[in-house]
Every structure is written in C-alpha cells, then in structure tokens.
Amino acid sequence: MTADVLVIGGSVGGLTTVEALRAGGFRGTVQIVGAETHLPYDRPPLSKKVLSGAWEQKRAHLRSQVQLDSLDVEFLLGRRAVGLDVDAHGVVLDDGRRLGYGRLVLATGLTPRTLPGTGSLRGVWSLRTLDDCAGLRAELLSARSLVIVGAGVLGCEIAATARQMGLDVTLIDMSPVPMWRQTGPVIGRALSELHSAQGVRVRMGTGITGLLQERGRVTGVGVDGGAVIPADVVVTTIGSVPAAAWLNDSGLALDDGVLCDERGRAATDVYAVGDVARWSEGRIRVGPRLENRTNAVQQAVFVAGDITGARHDYRQVPYFWTDQYDVRMQVFGLLPEDADVRLIDGTVESRRFVMVAEQDGQVVGVVGWNSAKAVMAAKNTFLG
Amino acid sequence: MMVTVEEDKCVAGGQCVVAAPAVFDQRDEDGVVILLQENPPAAEFERVRTAATLCPAAAIRLAESLRS
C-alpha cells in the first residue's frame, strides 16, 4: 500500500511526528515501521528507573493502547527498512514488502557502538532498547561486579544505578573526567567526585586493551599497563552511530546522519528527525547532531507542521538532563571543553548550583545541579 | 479536557511551564511539576497540548479524544 505519511522508526521521534500530524488536523493514512516489537516507549528511564527495577517495564511506554488507537496509525513492528527508492517513493522492508509513501519521515535513531570481536561474548551489554535493559538487569541482579567502558551520560547513569543496586562498579574512560564531551572539565571533576564518594572506582585517562573471557563469558577488562579489572558483567557505552546504513544506496546525503536542510528535508518528500538526523544549523551553533530526546520531539513537531502547512517555530536550544544518585543535572546550550565556566548560584559542595559557560564573551551554555527553577531562569536570561 | 501529571515521571525540565504557565508551575525545591488547573478552560487547550508534547518525560496526560 501507499501511505500518505510513512514513518520509519517507532520511538519518540516517529510517534511525536504522527501525534503532531493528527493534532494539526492531518487526516491521511499513516504507517509506522518499528524495528523493535514493542509499542513506542521512552528510552531515558532505561538506564535509571527501569534498570533499577523502581519501574516496571510498562511504565516506560509512551502512550496507552487507547491513545495509540485514537491516532489511527498502522504499526508494522519487528520490521526493519532495508532500502529506499526516493524517485519511486518506496521503502523495502526486511521481509521483502514494499511500502509506498507520499511523505517519508526517517526516525531510526541510533545503533550503539560495540567493541570489535565481542558480539558473541556473554555478559557484555550495550543499552539502547527495552530488551537490552531487561537482559542487563537480569544479569546485574545476580552479579557482583560491573565494569562500564565509556563514561558519557549513559555510562555515568548506569554506574549510578548499578552502584545503588549494590554492585561493585568500575567506570573506565580515556577522557580526563566523566562526561568530558558533554559538560567539560569543571562539571566533569564534580561528577568524578560524586561517583567516587558513592564508591564507584572512577578510572579516567585509562584505555582498555581487551576483554578477558572464559568459556564464552566475560571475566574482566584489561586496561593500559597490563592490569585486569575483574567483571561479572561489562557494559560498553562508547557512543552510537546513526541507524542510517540502510540508506547507503538511497542517494540521500549521509555524513554522521541524514543530512537535512533547516526544515528537516533530506530529499523531495523525505524528512529526518531525532538522533539520526543532522539538520542545518539553527540560531545557536550546534554540533553535528543532537542526541537527545528534546531535540527529537522539537524536530518531529516542526516536520509535522511542514507537512500540514502549519507554521511552527523551530528553536534549537539544546537541552538534556541526567539523574545520578541524588543529583539532577540540567544543561541548556553547550558546554565545550574550552569554555570559561563560572558559578552564578549555589556551591559545588552542596550539589546545588548553577554555572554558565562562556566562549569569546558569549554565553553558550547553562548548567544546574538540583536547581531546576534557577537553571531555567538562567537559560531565559542568557540563552533566550 | 482533563489534565493529570505523574510526579514521579517528571524530570523538572520546565517545558510545561514555558508552554502553559497558567496551568503548570514547578516546585521551588526540586522543580517537579505542580498542576494548577485540572480542567483548564478551552483557551488553554492548545498550550496544554503543546506542554504534553514537549514534556521530556511523557509525564502529562490529557483526557480528550485526539482529533483525527
């Protein structure tokens, strides 16, 4: 069949596109193709409340069945798109089916990077999907030691969750401090102290030489200098790549994601939103792609408006948050590693503060710990 | 329109307050959402829908039939 709008990707970007279309009065036919078998769910809780067990899996679902039914959308789940013919307006699925479209929205998200040669090793995990989360949680419940390779946002969150579940946790990264790329040296030092105070072994500036195994199961992580850190379970959080390999022969411009204009258009009648998309620069100078949930929603709303002819503002002030132990950190804008960071409220010791990051005399980012209202006020003052 | 919020899902992003300040506020101590009006007037519907869409934690639920 030919859907008026075909969405590839059944997570928050794809779902929000459809909801915004319907809210905007769009009455055409809509299909969503999702590689996972689950109905749309939210990923941020997977490293926190779902992993810890504080929430049942189903609490991560974004919408109830009744809400999804009211959208009048056909879900094709457990199916991957494997090819796109832009001229013919057609997508081929992994079961050989061919779907036509009037407009196509690409929202396939990310695929975690893995360590070479570890694909079949038991006890080694990435965390992207609900199934990853369930599998990892099951192993953590009977494990004593966890080594996390990669101290970005996800690695830090998993470290905090696992430590609070009682595991012996080691966090390893080549970077000088945790979340170096996301929040720079000043916040990174505070994070390092936070995790250390909670009993996590924080091994920054450390490269890994390989994983050790016995009978197909991981037993430890080799690090620079020859030491081995024993591990019942290893999680690799070493970044992700846009899930766009299936578009290699499509003729779309790909370069660390699907390249789009400032309205999210990748080709005639083709859009891309969320983690997989790389839009032209907005008002604030941004990195090549924004891997965060807020961006996925904002782009989805914008694209739906473009399809229905509505006018929406697309303002790209990047935002993300992370919860680790009793700290809720919120970041608006960017905190480049060479930015000049100064405290404007609170103290680092109290774990309640707001800082601004400046480059060339311009505020480029605002960060707060346990200061939700103050960080929002600072964002409004400095970033508009 | 009937609005409900799930406080334990809320991540204090403040998007709802920006979108619909007459309907949502944040607690001073932790920024968690405060629902000011469970049954907002029709003039607020569009802003409340925007708030629900933008909520980064899907913590706002609206009881109304979506237009389709």
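The values are calculated or read from the model by the stated rules, or taken from the named source; none is laboratory data. Just so we're clear, the structure is a prediction, and the values are computed from it rather than from any experiment. We place every Cβ from the backbone using ideal geometry, glycine too, and count neighbours over all the protein chains shown. Side chains included, ligands, DNA and RNA excluded: accessible areas come from the protein's heavy atoms. Shrake-Rupley method; radii C 1.70, N 1.55, O 1.52, S 1.80 Å.
General remarks:
- Between the Cα long axis of helix B:45-54 and the first principal axis of chain B there is an angle of about 50°, rounded to the nearest 10.
- The stretch A:205-272 - Rg (one decimal) and Dmax (whole number), Cα, Å: 19.9, 54
- Per residue, the convex hull spanned by the alpha carbons of the stretch A:75-176 comes to 169 Å³.
- In this label model, A:Lys58 and A:Arg27 are separated by 3.5 nm, measuring between points 7 Å along each Cα→Cβ vector.
- Ranking A:Ile208, A:Ile8 from most to least accessible surface, computed with a 1.4 Å probe over the protein chains only, gives A:Ile208, A:Ile8.
- For A:Asp131, solvent-accessible area (1.4 Å; no DNA, RNA or ligand), Å²: 90
- Hydrodynamic radius by Kirkwood, which averages 1/r over all alpha carbon pairs of the stretch A:210-324, in angstrom: 17.0
- For the protein assembly as shown, the residue among A:Ser192, A:Ala377, A:His312 whose Cα projects farthest onto the positive side of the dipole built from Cβ charges is A:Ser192.
- Pairwise Cα inverse-distance average, inverted: Kirkwood Rh of the stretch A:326-382 (Å): 11.0
- Whole-number percent relative contact order across chain A, with pairs defined as alpha carbons under 8 Å at least 6 apart: 16
- Computed over the stretch A:284-384, Kirkwood Rh from alpha-carbon pairs, angstrom: 14.6
- The length gained by stretching the chain between A:Thr268 and A:Thr209 to full extension, at 0.36 nm per residue less their Cα-Cα distance, is 16.6 nm.
- Total accessible surface hidden between B and A, rounded to 100 Å², 1.4 Å probe: 2300
- Heavy-atom accessible area for A:Arg63, with the other protein chains in place and a 1.4 Å probe, reaches approximately 50 Å².
- Förster radius 35 Å - calculated FRET efficiency between A:His312 and A:Arg181, Cβ distance, rounded to 0.05: 0.70
- Within the protein assembly as shown, helix-based [θ] at 222 nm, where runs of 4 or more DSSP H residues each add -39,500 (n - 2.57), nearest 500: -7000 deg cm²/dmol
- Taken over the alpha carbons of the stretch A:148-210 as equal point scatterers, the Debye sum produces base-10 log I(q)/I(0) values at 0.23, 0.30 Å⁻¹ of -0.86, -1.37.
- Counting heavy atoms of the protein chains alone, A:Glu358 has an accessible area of about 40 Å² for a 1.4 Å probe.
- With semi-axes defined as the square roots of five times the eigenvalues of the C-alpha gyration tensor, the equivalent ellipsoid of the stretch A:114-238 measures 22, 16, 13 Å, largest first.
- Counting all C-alpha pairs of chain B, share separated by more than 21 Å (%): 14
- Chain A pair-distance distribution - Cα-Cα, 10 Å bins, rounded %: 5, 22, 30, 26, 14, 2, 0
- Put a plus charge on the Cβ of each Lys and Arg, a minus charge on the Cβ of each Asp and Glu, and nothing anywhere else: the dipole of the stretch A:326-382 about its Cα centre is then about 400 debye.
- Amide H contacts under 5 Å for A:Leu110, placed H, 5+ residues apart: A:Ala243
- Placing A:Thr2, A:Thr206, A:Thr29 in order of accessible area, with the largest value first and a 1.4 Å probe, yields A:Thr2, A:Thr29, A:Thr206.
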